Amino acid sequence: MKTLALPPTRPLWAGLALLAGLTLPAAPLRAQTVSSWMTTGDQSKLLQAQPAVSFGANSGAGTTINVSEGTTYQTIDGFGASLTGSSAYLLNQKLSAAQRDALLNDLFTGSGIRLSFLRHSMGASDFSAYGNYTYNDKPSGQTDPNLTSFGLGRDLTDVVPMLKAIRGKNGSLKIMGTPWTAPTWMKEVPTQWNGGWLSTAWYQAYANYFVKYVQAMQAQGLPVYAVTLQNEPLYAAPYVSMRMDAGNQAAFLKNNIGPAFRSAGLSTKLIAYDHNWDRPDYPNAIFADAAAAQYAAGSAFHGYGGTVSQQTATHNAYPNKDIWFTEISGTVGSSFAGDLRWHLSNIIIGTTRNWAKSALEWNLALDQNNGPTNGGCTDCRGVVTIHNGTGSVTRNVEYYALGHASKFVDPGAVRVASDSQSGGLETVAFRNPDGSKVLIVLNNGGGASTFKVVWNGQAFTASLPAGAVATYKWANATTAGPAVGRLYRITSVNSGKVLDMAGLSTSNGGQAQQWTYGGTSNQQWKLVDSGSGYVRLVNLHSNKSLDLAQGASPAANGTLVQQFDWNSNDSQRWLITAENGGAYRLTNKASGKVLDVDGVSTLDGARVHQWDWAGGNNQKWTFTDLGAARTALATAGSVADSRLLVYPTVADADLHLTYNATSAQTLGLSLIDLTGRLVLRETVRPAVPGANNLTLPVAGLRNGVYLLRVATAEGQLTRRVVVAH
């Protein structure tokens, strides 16, 4: 197949009416509806739905907020709070079954604010209903090197039952564990609950303690997404606590807990620091130690000192390490209006604009006396207040602040670019996995403000009183776009010809071109999730990914597009953006340039390369759904193949699955190594009728071949998967 190209002077729109087989819409797209919800400082509106508006022509001057989903940042894990021992006690002991069910629905389902991330203390904290305890306490003078006495103990009374109840409401809930102290017999002063240091003699025992915690929680049906290594390690608090400086934590990571998690086959993330914004030097020092950094997923921050922008100092120094925001408390007696501004500006907008994957408040619930406490602050306020005599519930300002994000931003959403002005209209924007957009706007100025929001060449106008916050949500006006886990032919709008691998190539470096569609596998492409809203385009014939010929950092217009084995480079990641008329542009993450047909050609064999976006039809593509993507690990066309898709064939950090369920059910996921040892189990994954896209983290597993088992209502499905880092 010889490559031909027409001169670049050929008009972009020439010959469109003559293209065989090309169908264009007969009418323009309908106006896009924007839903919104508002909270005001005077509490006259509390997460209250507002009249819908629609996108229209972008005309006129004035204050403008541009939303650009072509610029993406971090992926969001979720929003939530801490299920402290005190919070769990109030939920479990001070509410009737009906009151508890209603409150959990309000906090964790779509009928309420849909919190999706909970932190909890591994043992006692300063908010515990049962005093000081850990999971391995011993009488004075005794030790337990082999942890034979380990058990979840008093957390089985309230914390574990409430986590189970909450996960029953929200099956995608992420759980983070954090210790306030090691068992006291492991500390330099073996009777010291408050402050003190972990004895180096017990570093390995303490690492094994974390392993046993994760395994014990998994046995309860509660997979632990992440652990931080120590709550507020720089503070020797006058309540249950422990010091751990950066050098200690780096040593613990590289010599003990990192190897222990890897040996146990745990995928739970290990997160450093977990203290205030004002000391980014702490996590930076850990990440500077390569031996320690290899085990750390990132760092966590609190908001009691410094400024939120200091999260970005750590991100800029170590951009490959993620950031979570894990704690800030409301204060009893402060003003609703002032707190609404502060929490939106600093926690909901500020932390996420400064790279946080989560934004968590402190206590999920406290009583009317700001407790029960275990030596902690006496004026801390929960997200909700539970009146322990009647079970009545007060929703505090933190509830509404969280709700403006958690109710609308889905786990797995990616932050996208939006204009923001400190002290004025402050914003943050997200693109959900389903393609819908969410924009949060705080009017942090002194007067009412009217503004327009511009997205995709369209605009709508809105107004906010001083101190008010609103969430705006809209979906693409086109029908549902290309979906991960599906197989497509990808057609040039200009020529009506499809994206094709020249000569049925199966080699690295095979050239991409356009060609008349003949139904062959080299003209069919699987969409595979590659994170942060980007996808891989995997050729069905070669199982290689669409790539740029100049490698990971291409820049030039005209760089050819090829196929190559997946190597995690950004040159193999593509952003699919909807254009008018049901077409899409495909933007390469490494270069920011789009997939383009050389010379605006309509001929078979014209090369496909990259070029700056100019809006021409030779840069626009349509996707024709050919069904569920087949994989090399299942028999094409079989019933099992259509029910369970596993990709990529070789996984590095995450294994993605699509399970097509015939009914609502619960799935059990497990990975078995080739010796028959269970290395990963997630026993509860809710599935809805239709396609369910699931992610299984495998970054913590050793390289090798594993068996994936998916227990379904119709029986067990098994796939062979390969992990290679």
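The values are calculated or read from the model by the stated rules, or taken from the named source; none is laboratory data. Worth saying up front: this structure is predicted, and the values here are computed from it rather than measured. Because the Cβ atoms are built from the backbone with ideal geometry, glycine has one as well, and the counts that use them run over all protein chains shown.
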Residue 53 vs (1) modelled with pLDDT under 85; (2) in a strand (DSSP E or B): all pass except (1)
When every residue in the range 467-485 that is at pLDDT 95 or above and in contact with a helix residue (DSSP H, G or I) (Cβ under 9 Å, 6 or more places away or on another chain) is compared, the one surrounded by the most Cβ atoms within 10 Å (Cβ to Cβ) is 469
Taking the range 233-269 and the residues there that are more than 24 Å from the chain's Cα centre (by Cα) and charged (D, E, K, R), the one that is surrounded by the fewest Cβ atoms within 10 Å (Cβ to Cβ) would be 245
Residues in the range 353-388 that are in contact with a Lys or Arg (Cβ under 6 Å, 6 or more places away or on another chain) and within 30 Å of residue 413 (Cα to Cα) total 2
Filter the range 354-382 for residues that are buried (at least 22 other Cβ atoms within 10 Å of the Cβ) and of a type in the set (Gly, Ala, Ser); the one that is nearest to residue 329 (Cα to Cα) is 382
For residue 394, indicate whether it is assigned by TED's automatic domain parsing to the domain that holds residue 333 and part of a strand (DSSP E or B). yes
Checked pairs for the range 276-303, first on the phi > 0 side of the Ramachandran plot, second surrounded by fewer than 21 Cβ atoms within 10 Å (Cβ to Cβ), C-beta under 6 Å and 6 or more apart or across chains, list as 298/321
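Residue-wise test of (1) modelled with pLDDT under 95; (2) under 26 Å from residue 355 (Cα atoms); (3) in a loop (DSSP other than H, G, I, E, B).
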{"site": "390", "(1), (2), (3)": "no, no, yes"}
{"site": "401", "(1), (2), (3)": "no, yes, no"}
{"site": "412", "(1), (2), (3)": "yes, yes, yes"}
{"site": "416", "(1), (2), (3)": "no, yes, no"}
{"site": "462", "(1), (2), (3)": "no, no, no"}
{"site": "489", "(1), (2), (3)": "yes, no, no"}
- Is it true that residue 717 is closer than 25 Å to residue 261 by Cβ and assigned to a strand (DSSP E or B)? no
When the range 254-289 is checked residue by residue, the ones that are farther than 28 Å from residue 81 by Cβ and out of contact with any helix residue (DSSP H, G or I) (no Cβ under 9 Å at 6 or more places or on another chain) are 262, 265
Problem set entry | Any chance residue 385 is part of a strand (DSSP E or B) and surrounded by fewer than 18 Cβ atoms within 10 Å (Cβ to Cβ) | no
In the range 496-511, residues that are over 13 Å from residue 560 (Cα atoms) and assigned to a loop (DSSP other than H, G, I, E, B) total 6
With criteria (1) under 30 Å from residue 269 (Cβ atoms); (2) crowded, with 24+ Cβ neighbours inside 10 Å, residue 305 comes up short on (2)
Output for Cβ contacts, cut-off 7 Å, separation at least six or different chains, first residue assigned to a loop (DSSP other than H, G, I, E, B) in the range 133-147, second surrounded by fewer than 15 Cβ atoms within 10 Å (Cβ to Cβ), reads 135/151; 136/149; 138/149; 140/191
Scanning the range 507-521 for residues that are surrounded by 14 or more Cβ atoms within 10 Å (Cβ to Cβ) and at pLDDT 90 or above gives 510, 511, 512, 513, 514, 515
Restricted to the range 418-441 and to residues being assigned to a strand (DSSP E or B) and charged (D, E, K, R), the residue surrounded by the fewest Cβ atoms within 10 Å (Cβ to Cβ) is 431
Is it fair to say residue 322 is charged (D, E, K, R), in contact with a strand residue (DSSP E or B) (Cβ under 9 Å, 6 or more places away or on another chain), surrounded by fewer than 23 Cβ atoms within 10 Å (Cβ to Cβ) and closer than 24 Å to residue 117 by Cα?
-> yes
